[in-house]
Every structure is written in C-alpha cells, then in structure tokens.
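Encoded as structure tokens, the structure appears first; notes follow it.
The values are calculated or read from the model by the stated rules, or taken from the named source; none is laboratory data. This one's a predicted model, so the numbers in the text were calculated from it and none came from an experiment. Positions of Cβ are backbone-derived with ideal geometry, glycine not excepted, and every protein chain shown enters the neighbour counts. Just the protein is used for accessible areas: all its heavy atoms, side chains included, with ligands, DNA and RNA removed. Shrake-Rupley method; radii C 1.70, N 1.55, O 1.52, S 1.80 Å.
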Amino acid sequence: MLRFTDDNRVLEEESYRAILAGLALNEDISYSMEELRGLAEADNVEVIGEAVQSLQRPNTATLLGKGKVEELAEMVSAMEADMVIFNDELTGMQLRNLEEALDCRVIDRTILILDIFASRATSAEGKLQVELAQLQYRMPRLIGFGRSLSRLGGGIGTRGPGEKKLETDRRHIERRMDDIRAELRKVRNTRKVQRAKREKSEIPVVALVGYTNSGKSAMMNRLLAMTNKEEKSVGEKDMLFATLDTQQRNIHLDSTHEFILIDTVGFVSKLPHGLVEAFKATLEEVCYADLLLHIVDASYEGNDFQIDVTDRVLQEIGAGEKERIVVFNKMDIANSFTIPEAGVDNAFVSAKEGTGMEELIRLIREKIFADTVTTDLLIPYDRGDITSYLCDKAIVLSMDYEGEGVRLRAELSGPDYQRLKKYEVI
Ligand SMILES: Nc1nc2c(ncn2[C@@H]2O[C@H](COP(=O)(O)OP(=O)(O)OP(=O)(O)O)[C@@H](O)[C@H]2O)c(=O)[nH]1
Ligand SMILES: [Mg+2]
C-alpha cells in the first residue's frame, strides 16, 4: 500500500497485515467481501482475518455494534494485525471512534480503491482525477483523520488550536481542488480535439466496458493480433484496475471496414462516488461510442453480480441505453456461469486462445455496419458534386468514366443509399 503526500508523491510503501470487517444489512455480502479481499491484495495488503456482522441498521458511532467492535479489537491484538479495512464507507466520526477502539489503523473500501488508483495512475489526467477524488473524500472527514491519513490531522480532537488547524487545512484543500479542476479543464481539451477528429472521420467507435480483470485489454490485444496490429498492444495483467487511462486503437477488419476500439477503466462494486465523478470525463468516451462490448469473466462464479454492477455504473454515466453485446470471456477456463439478461446479443469467447472470435466479429459487423450498402451508381457528369461527395464520404471501390457519366462501385451509409438510389444501376 502506498501512502501519498498532498502533491501525490509517494510517501512510503508498506506491507500491512489486515483484518476485513463488513456489515450485512439483510443481504449476502460474501461476494462483496471476497472482492474487498481482492482489492486489499491488489494494494499489497496481506489479509489475515475477516469479521462480518448482520444488523438491521448501521451503528452511527462505530458502524458495527459494540460487542462486535470489542471482538474485533481482540482479533487485532491476538493476530497482531496493523490495520482493519471496512467494506463500507465510514464517516469521519466512525473512523476516529474505530481507531480508538481497535488501536490500529482503520480504513474503508473507498480509501483502499483510491489508494490503488493513486498507485496505478500514469497520465496527467488520471493523476489529477484521483487526487481530486482523494481530496473530496477527505474534506468532510478532516476531523476523523487520525493516524491513517495523518498529515492533515494534527491537533485533531482538541479544541482551540485544533479547530484552527482544521480551518487552515480545509482552505488549503479547497484551493488545491480548485487548482486541480482548472488543470483538468486544460488537459481535457486535448481529448475533445481527439474526439472531434474521430467524429469527423465517421469511423464507428466501439468501447470495451466491464468489471475490472474481466479481460477487456486482452480482448483489445486479441482483436489487434487478428488484424495484424500486434505491435501496438495494450497492457493486460492479472490484477484489479490494470487499466486506468483510456486507450484507443484502430481495428481494420478488412480493406474497407475499420472501427475505433476504446479500452477503459474497469468497474467494481461500490465504486466511490467521488471517483466516478472524477473519472466521468474519461468514462464519457463510453457515451460517445456506437457500440459497447460488455466483457464478462465467465470463469468467475459471481459473474451475474459483476454484470449488475457494470450495468449500474453504465446507467450512472448515462450509457445505460447504449447498444451492446455481452461477451462472455475466459470460456477456456469457465465451468458453469449464468447468462442473466435475455434479449441481448451474447458472444462466448476466449480472448486468450482466440476461440469464438469469428462469431463476435460477425456480431460487431452486423451492429456497426448494418446499414451500409455496396452498390453500383452511375452519376451524370453534371453532378460532379455528388461524385466528389462520395469520394469524400463513402468508400469508393472502383470508378470508371463512361459515356453518360461516372460509374462508381461504392459502399454507402443507409441514408446516403436512400438519397442516391435513383442513380443505382444493376
Ligand atoms: N484463461 C484466460 N485468461 C484470460 C482471458 N482473457 C484475459 N485473461 C487474463 O485475465 C487477466 C486480466 O485481463 P485484462 O485484459 O488485463 O483485464 P481488464 O478487463 O483489462 O482489467 P482492468 O484493466 O484491470 O480493468 C490477465 O491475466 C489476462 O491474461 C481468457 O480468455 N482466458
Ligand atoms: Mg485493462
């Protein structure tokens, strides 16, 4: 786990021994806890124990009930844990009370995710987005930041000078947040230019979405390999949040069909709201896509849970209604899995071994090139405007100058075909 200074430099790198703690409010949280374990491990934390409590409603002061907190404190000292990670977001007061009661560092799922993102972010935009989310988390909790995020916490809990310190901290953070927002606006202009270029080129855009570690980057690399573009492959790794920055590549299906493929950050349940906010600009790319490939890890038993989470995040960023293909990946190691949604196109593939890819590509073609028509047109010489429009906007396969006009074999978009149908020659 990395700790950061205010300007996001690495402060220390440590390995912690942690106990996980979860609250079940009339629900089964086993997947969620398993995921928390994955998140902890992704952040270089060793998980040595787990405690879950079922309650009707959370305890305001300590999230879990008094007895359970005492039990946890005993676990901490018996197992020599140096941290407890809560599955739910804690308030400032809960953070402080729990640190006091447990006598060790206390963090929650949100800090953990933010920490992973902070250690993975490489682009200027990514780093700024994470820092903004970290500060947003910190603001309402200044008072609770005891030993875990201590730099801002001097004098906490005392009156007088402590309060004054808090006020300075608050102003300091607000200023930094304003600076980051201004910097982000600048960085984002570059992406706007990129997007404008893409829109002008009218090449269809396909975005990979899905749970973290489901194989989105592997899918991109498989498609690149199949279209002989292996040299520009993207990073894929068996860890949570391997990809943070959006990547895009052109995929040439054949000499006349290409699309832009976008690889994005993966999703996870309870993705901190500040983070979704901060990454909205990055995730916006998804909203501009013509088609989504929702990649699902079919080998993971809880994949229906992961599908739900992805659907929810897609809705939150305004891409809930986008056309999509649900791609069940890792079929080479899948035993049994659930296909929850009826009426959506599914594909079953192994990005690693390449099986099922032909069928997936057929589906993609059907979706994004569905309304293109290849036909022969005879354009009279006095309609040179149409000929140059076609050379510019359509894919012209051949062109001959004949007696009555220019004979073109071209691939037209649906609307263009309807408009130019009267020049069609069979
Ligand atoms: N067995 C098997 N492993 C796969 C397959 N596809 C991907 N993987 C592995 O799964 C792991 C995660 O793959 P990535 O492509 O990095 O996953 P991602 O969805 O991009 O993950 P994030 O970027 O973290 O959101 C890697 O170790 C891949 O090699 C597959 O079809 N079969
Ligand atoms: Mg990836």
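Tally up the residues in segment 19-28 that are crowded, with 18+ Cβ neighbours inside 10 Å and under 26 Å from the mean Cα position of the chain (by Cα), please. So the count comes out to 4.
Count of segment 242-284 residues, restricted to those that are acidic (D, E) and within 12 Å of ligand 1 (Cβ to nearest atom), is 2.
Taking residues in segment 317-336 that are in the same structural domain as N221 (by TED's automatic domain parsing), and partners anywhere that are in a helix (DSSP H, G or I) and open to solvent by 60 Å² or more (accessible area, probe 1.4 Å), the pairs with Cβ atoms closer than 8 Å and at least 6 places apart or on different chains are I317/K280; I317/E284.
Within segment 298-315, the set of residues being more than 28 Å from Q136 (Cβ to Cβ) and open to solvent by 20 Å² or more (accessible area, probe 1.4 Å) comprises S299, Y300, E301, D304. Residues in segment 356-380 that are over 12 Å from L408 (Cα atoms) and in contact with a strand residue (DSSP E or B) (Cβ under 8 Å, 6 or more places away or on another chain): G356, E359, L360, L363, I364, K367, I368, T372, V373. For segment 270-290, a residue qualifies if it is modelled with pLDDT of 80 or more and surrounded by fewer than 19 Cβ atoms within 10 Å (Cβ to Cβ), and the qualifying residues are C287, Y288, D290.
Taking every residue in segment 212-226 that is more than 6 Å from ligand 1 (Cβ to nearest atom) and pairing it with any residue that is part of a loop (DSSP other than H, G, I, E, B), at least 6 positions away or on another chain, the pairs with Cβ-Cβ distances below 7 Å are M219/A351; M220/V234; N221/S233; N221/V234; N221/E236; R222/A351; R222/G354; L224/S233.
Of the residues R362, R409, R383, R419, the single one that is under 30 Å from A218 (Cβ atoms), among the basic types (K, R) and more than 25 Å from the chain's Cα centre (by Cα) is R362. Looking across E323, E258, E284, one residue alone is touching a His at 6+ places or on another chain (Cβ under 9 Å) and over 23 Å from E35 (Cα atoms). It is E258. The residues of segment 88-103 that are part of a loop (DSSP other than H, G, I, E, B) and farther than 17 Å from G22 by Cβ amount to a single one, D103. Exactly one residue among I116, I111, I85 is part of a strand (DSSP E or B) and surrounded by 19 or more Cβ atoms within 10 Å (Cβ to Cβ), and that residue is I85.
For segment 322-335, does any single residue satisfy the condition of being surrounded by fewer than 15 Cβ atoms within 10 Å (Cβ to Cβ) and either touching a Leu at 6+ places or on another chain (Cβ under 9 Å) or assigned to a loop (DSSP other than H, G, I, E, B) (or both)? The answer is yes; a qualifying residue exists. Here H294 passes the criteria (1) part of a helix (DSSP H, G or I); (2) in contact (Cβ under 8 Å) with a residue 60 or more places away in the chain except the one numbered (1).
Within segment 29-78, the only residue that satisfies the criterion of being in a loop (DSSP other than H, G, I, E, B), open to solvent by less than 10 Å² (accessible area, probe 1.4 Å) and touching a strand residue (DSSP E or B) at 6+ places or on another chain (Cβ under 7 Å) is L64. Quick check on segment 98-108: of everything there that is of a type in the set (D, E) and over 14 Å from M75 (Cβ atoms), which residue is most open to solvent (accessible area, probe 1.4 Å)? Selected residue: E100.
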